[in-house]
Each structure stands twice: as structure tokens, then as C-alpha cells.
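Written out below as C-alpha cells is the structure these notes cover.
What follows is calculated from the coordinates using simple rules that are stated; it is not laboratory data. It should be emphasised that the depicted structure is a prediction, and the values quoted were computed from it without experimental measurement. A quick note on method: Cβ atoms are made from the backbone with ideal geometry, for glycine too, and the neighbour counts reach across all protein chains shown.
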Amino acid sequence: MNSGPIGVFDSGYGGLTILRDIVKSMPGYDFLYLGDNARAPYGTRSFDIVYRFTLEAVRYLFDRGCNLVVLACNTASAKALRTIQQNDLPEIDPSRRVLGIIRPTVEMLHELTANGHIGVLGTPGTVNSRSYNIEVEKFHPDYTVTGHGCPMWVPLVENREAASGGADYFVKQEIDRLMMEDPEIDTIVLACTHYPLLIDKIERYVPAGVRVVSQGAIIADSLVDYLRRHPEMDARCSRGGTVEYLTTESAAKFSEMATIFLGRAVSAAQITL
Ligand code: DGL
């Protein structure tokens, strides 16, 4: 059985905040990152479109030799993961795997919250799908989940406005609205992989004592744990310590933006899905 890189997929740049932590935890493995930048953002798109785009990306990463693909995007995890796992994988190749990032995040909540009041900030797509509410209900039925969509946050990050004064208005507004819906919230999950780029501003406007949770380290730990529990898949993940970056938009633009997300320059290649 051939081994290949671990595929990491996002609609755009956000998944880099997850990749960064995964690579830190698993530096010996090979990774192939794919950002569908030409069609981002996904957060305001319909179920059908997000599913179709995500499936195209998964098929592409499989064709490039990935045996394991992580959807490092909450919107794709919310709207496409289950259908791909249940309907498409058995037909494409039942021995390959596609993992999402919602369940591993939810599984950790008991270590983070003291009172079970959870706020979920995400794209309108993720929040409206109620995927976090559904997963939390399974693992922690006594918790209260309040989701709130932040339609402006991804465009702020993608347009390099995350540090601007204008961003303060939108960040404060959404946090105030969330806290108004449930003032008892003690833990806020940043359920969009773009949001860690706004962390300075988010922490400025979150009430004292409320914990803000980014997903990178959680997903990295859960992937390490997954491969430990699935040695047959671990053996199919190649070890060369390489990270390759692919984008459906301009490679030069991706490389420039990726520097902001990763804190270092990378070179990317443009592909068509
Ligand atoms: N980064 C993606 C997520 O985690 C969403 C960005 C987008 O709207 O495309 O949900």
C-alpha cells in the first residue's frame, strides 16, 4: 500500500492556523495543504455548493496520493464531512479517511468550561448548520450552546484588515451580541479557522473570565491521537518532513498572505479543481 502526505484542506487561508499546530506536533510527516482561495469564502454558501466544492478538493488530494485528509475548515466540516464519509468514501476508496474539526473540538469542552455555557462564533454557514449544537448534545447533553454567526470576520482577515481600527467595530459588535444571548457563557469557541487571526481584538472585547478557545492545538493533539489509535493509517502517512502548499487562486497572492498566517514565507503552486 502506497504512503502519501496528509492532506489539509480549507476554503482559503484559515486552515493554515490548524496546519501550523499540526506540523509543530508532527514535524516528521509530509503534508499537502490545499486552499480553495478562488472560491472562498464558503461561509455564506449553500450546503450543496460547500459539499460539491469540498468533495472536489478531497478527490484532488486523494489523486495526489493523500490517504488521510483533514478538513481544516469548520464550514466544510459542518456541511460536507458527513456526506463524504457516509456516501462518497465507500465508493471512492473505503480505505482512505476524511476527518473534520468539529467533533475533536467538542470532545475537549469538558476540560475548558466550568459551567457548561458555551458560545460558538463561526461563519453563518457553520452556525446555521447547528453542527456544534448537535455534537455537543451527543457528548455533553447538559451543556447550553449559543451559536452566533460573524459574516464580516472572514472578509476582514482575507482583506488584511484584521489589525485595522475598523475591525474593532465588527469584533466588538458580534461578541456583545453573543454575550447578550447568554450572559453566562464562560467559554467561547472560535469555530472558524480564520478567527485566530483576530485573537488580539477578540480578547480585548470578551468579558473578563471568559475563555477563548482556538482549535489549532486541539486538532493537532487529536490527529496525533487518531494516528496512534490507527496504526494502519499511520503507516500510510509518509515521513519526509515536507509541507507543500496548493491554491486555486494565484500562487503569488497565496504566498504573500500565507506569510501573515504562518509568520514565515512559503512558496505555493496554483492548481485547478
Ligand atoms: N475558515 C473557514 C471555517 O473554518 C471558513 C472561511 C470561509 O468562509 O470560507 O469555517
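Relative to the Cα centre, the charge distribution of the chain, modelled as +1 at Lys and Arg Cβ and -1 at Asp and Glu Cβ, gives a dipole magnitude of about 500 debye. Spin-label pair Ile134-Asp221: with each label point 7 Å from Cα along the Cα-Cβ axis, the two points sit 2.6 nm from one another.
Within the same chain, lysines fewer than 8 places from Lys201 are excluded, and of the rest, those with a Cα less than 23 Å from its Cα are Lys172. Derived from the Cα gyration tensor, the three semi-axes of the equivalent ellipsoid of segment 125-273 are 30, 24, 13 Å, largest first. Close amide H pairs (under 5 Å, H built 1.01 Å from N) link Val8 with Leu32, Tyr33, Leu34, Val70, residues at least 5 positions away or on another chain. Principal semi-axes of the equivalent ellipsoid, √(5λ) from the alpha carbon gyration tensor of segment 11-93, are 20, 17, 11 Å from largest down. A straight line joining the Cα centroids of segment 224-271 and segment 23-39 runs 2 Å.
3J(HN,Hα) along segment 133-150, derived from phi through the Karplus expression 6.51 cos²θ - 1.76 cosθ + 1.60 where θ = phi - 60°, amounts to 4, 5, 5, 5, 4, 6, 8, 9, x, 8, 7, 10, 10, 10, x, 9, x, 10 Hz, with x in place of Gly and Pro. Summarising the overall dimensions of segment 105-196 from its C-alpha atoms, the Rg and Dmax are 13.4, 40 angstrom.
Near Val243, the amide H atoms lying under 5 Å from its own belong to Phe31; only residues 5 or more places off or on other chains count, and H is placed 1.01 Å from N. Spin-label model, Ala269/Arg229: points 7 Å from Cα along the beta carbon direction are separated by 3.4 nm. Sorted from longest to shortest, the spans of the Cα atoms of segment 192-273 along the three principal axes equal 45, 38, 24 Å.
A cut-off of 5 Å between modelled amide H atoms, ignoring neighbours fewer than 5 places along the same chain, links Gly147 with Val120. Ratio of Rg to Rh for segment 1-144: 0.97 [Cα atoms; Kirkwood radius as inverse mean 1/r over pairs]. A simple spin-label model places pseudo-atoms 7 Å from Cα toward Cβ; at Ala163 and Asp48 they are separated by 4.3 nm. Using 0.36 nm per residue and subtracting the Cα-Cα separation, the extra length available between Glu244 and Glu184 on full extension is 17.3 nm.
Going from the alpha-carbon gyration tensor of the chain, what semi-axes, largest first and in whole Å, does one get by taking the root of 5 times each eigenvalue? Walk me through the numbers on the way to the answer.
Working: eigenvalues 165, 92, 58 Å².
Equivalent-ellipsoid dimensions as semi-axes: 29, 21, 17 Å.
Please say if segment 80-146 is rounded, prolate or oblate, where rounded means a/c under 1.5 for a ≥ b ≥ c the square roots of the C-alpha gyration tensor eigenvalues, and otherwise the choice is prolate for a/b larger than b/c and oblate otherwise? The shape class here is prolate.
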